[in-house]
Amino acid sequence: MNIVEVIRRETAGLPANKIAVRTEAGALSYAELFRAVDTAAGFLRKQGVGRCARIGLAFPDGTDYIILSLAVLSLDAVLVPVPVSCSREIAADMLEKTAAGFLISPEDMLASGAIWMDADCLPVHRGFFLTRCAPSVPLPEEFTDMKPAFIRFSSGTTGQSKGVLLTHPAIIERTDAADQALNITSQDTILWVLSMSFHFVVSILLFLRRGAAIWLCSESFPFSFLSAVRRGGGTFVYATPFHYRTLIDSRALDTEALKGVRMAVSTAMKLSPEIADAFRKKFGFGLTEAYGIIEVGLPFVNAAGAKPEGSVGRALPGFELKIRSADAHGAGEVLLRGPGMYSAYLSPWQPRPPEEWFATGDTGCLDQEGFLYLLGRSKDVINFAGMKVFPYEVEAVLDACPGVRAARVYAEEHPHYGQLPCAQIEAEDGVTADEVLRHCYSHLVSYKVPKKIEIVPELERTASGKIKRTA
């Protein structure tokens, strides 16, 4: 069972000109999309890409990204998203951990003799660089028996970098499960602003399964997003509170700007009461809050108008929830299981036990009606515009910077971005914050770079000599 075959089968009855992807530059029908996918898959097949091969994809968000992703998946190869903003060092590490055989990118990202492939099927780049990789450690044989489809890196609740493996059956299960709440149809036009490296599964694949049109608004943000909203036609928005804040603050949008939208989903970071109230007051309807996890899928969707607000809702049908080590107020760690669960972690290889309850790392509590309220993280994770930043990872980079003796990374609350990663450092005389920032940008994905660096005489420590984690 292959997710691309499922999409083909489920969209076979659509009109020949039904739009699949739209951008400011033009549109691609489902028929044109599949022809482009087949052409791109043919290029890859000739280069030796086949079943279970791991393929890194470091491409900007857009139509080309969707075509290349589907081409990889159609060959029963395994898609490994590599954020285009990450450094060469991080990209190479991801490819090594997944034992990837190839990297697809719009430039020679690894500077290791990539070959250029002319491909007119890609409407933007008209081709791609293909780098052959030589991983030193293969994956275990049981990997190939799992029908692997997708590996996305997530730091997880431990802060350690891990590849989360999803199979074709799991992707089909979790898109079906999510659609119980989202109810996507071929009449929908999706306004899309999120990063495809982080949000391709469940969302993009579900939208394609249902024959919806995806209007890509992530390029030239916020101008393309505001332009798409002003032009109308969107029926469904999938974005973070940061993006909704942009709509609220825009003077170019009046109260009728979203009149055709049937659902606006807020995901990836906690929806604040301030943004929820401001959105309702301006546009006349409420945001739908969704709680997604790469290992689990989209188990919670609290539809606008459902009570109580401030909750992520009840678990969708098929999902089970329990609270571990609850305190006197019923608050404890949220554990989940249900359809479309991940199959294994990579680096190190760790298959998921069949009956495992997944520990989310979030603390929460349930009310008497089964509505879940999230209270925070059980670990020191920073949520910047819906993307997770783990202090220990950033501190390791800071500590490696010449002249830095010690570092502490912490979260600073921000009304638009949720939280900002910030840092305090002990440093030798003459070290400047600008020098440290340049070091960070060369070793970290840009969103993980501290937005504020303060050089202090001495960091506060515990009695045992460890740096205190809180300000």
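The values are calculated or read from the model by the stated rules, or taken from the named source; none is laboratory data. The structure displayed is predicted, hence computed values, not measured ones. Positions of Cβ are backbone-derived with ideal geometry, glycine not excepted, and every protein chain shown enters the neighbour counts.
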#### Entry: Odd one out for residue 123, checked against (1) in the same structural domain as residue 82 (by TED's automatic domain parsing); (2) at pLDDT below 95; (3) surrounded by fewer than 19 Cβ atoms within 10 Å (Cβ to Cβ); (4) in contact with a Ser or Thr (Cβ under 7 Å, 6 or more places away or on another chain)
(2)
### Message
Based on this model, can you work out whether residue 427 counts as in contact with a strand residue (DSSP E or B) (Cβ under 8 Å, 6 or more places away or on another chain), over 21 Å from residue 293 (Cβ atoms), crowded, with 18+ Cβ neighbours inside 10 Å and at pLDDT 90 or above?
### Response
yes
## Note on the structure
Every listed condition ((1) within 24 Å of residue 46 (Cβ to Cβ); (2) modelled with pLDDT of 95 or more) holds for residue 113 save (2)
### Summary
Scanning segment 319-356 for residues that are of a type in the set (D, E, K, R), surrounded by 15 or more Cβ atoms within 10 Å (Cβ to Cβ) and modelled with pLDDT of 95 or more gives 337, 352
### Query
Among 315, 331, 344, which is the only one that is under 30 Å from residue 139 (Cα atoms) and either among the hydrophobic types (A, V, I, L, M, F, W, C) or outside the structural domain of residue 301 (by TED's automatic domain parsing) (or both)?
344
## Note on the structure
Going through segment 418-448 in order, the residues found to be farther than 27 Å from residue 271 by Cβ and assigned to a helix (DSSP H, G or I) are 433, 434, 435, 436, 437, 438, 439, 440, 441, 442, 443
### Task
Select from segment 126-135 the residues that are in a loop (DSSP other than H, G, I, E, B) and surrounded by fewer than 18 Cβ atoms within 10 Å (Cβ to Cβ) and write down the one among them that is modelled with the highest pLDDT.
126
### Message
Checking the conditions here, which among 257, 268 is in contact with a His (Cβ under 9 Å, 6 or more places away or on another chain) and assigned to a loop (DSSP other than H, G, I, E, B)?
### Response
268
### Query
Conditions: (1) part of a loop (DSSP other than H, G, I, E, B); (2) over 23 Å from residue 361 (Cβ atoms). Residue 281 meets all but one. Number of the miss?
(1)
### Query
Hey, among the residues in segment 230-248 that are out of contact with any Phe, Trp or Tyr (no Cβ under 7 Å at 6 or more places or on another chain) and farther than 24 Å from residue 387 by Cα, which one's surrounded by the most Cβ atoms within 10 Å (Cβ to Cβ)?
235
### Query
Which ones in segment 249-264 are more than 21 Å from residue 200 (Cα to Cα), buried (at least 17 other Cβ atoms within 10 Å of the Cβ) and touching a strand residue (DSSP E or B) at 6+ places or on another chain (Cβ under 8 Å)?
258, 261
### Task
Go through segment 382-436 and count every residue that is under 19 Å from the mean Cα position of the chain (by Cα) and free of Cβ contacts under 8 Å to residues at least 24 places away in the same chain.
0
### Task
Kindly indicate the residue of segment 176-204 that is without any contact (Cβ under 8 Å) to a residue 40 or more places away in the chain and in a helix (DSSP H, G or I) and also nearest to residue 81 (Cα to Cα) among those meeting that condition.
203
### Query
Is it the case that segment 265-273 has a residue that's outside the structural domain of residue 20 (by TED's automatic domain parsing) and surrounded by fewer than 16 Cβ atoms within 10 Å (Cβ to Cβ)?
yes
### Task
Within segment 74-116, count every residue that is surrounded by fewer than 17 Cβ atoms within 10 Å (Cβ to Cβ) and assigned to a strand (DSSP E or B).
2
### Message
Based on this model, can you work out whether residue 211 counts as surrounded by fewer than 22 Cβ atoms within 10 Å (Cβ to Cβ) and not β-branched (Val, Ile, Thr)?
### Response
no
### Message
Going by what's in this entry, would residue 7 be described as in contact with a strand residue (DSSP E or B) (Cβ under 8 Å, 6 or more places away or on another chain) and either more than 30 Å from residue 228 (Cα to Cα) or in contact (Cβ under 8 Å) with a residue 12 or more places away in the chain (or both)?
### Response
no
### Message
Being in contact (Cβ under 8 Å) with a residue 12 or more places away in the chain, under 22 Å from residue 101 (Cα atoms) and more than 25 Å from the chain's Cα centre (by Cα) is the filter here; which residues of segment 15-43 pass it?
### Response
38, 39, 43
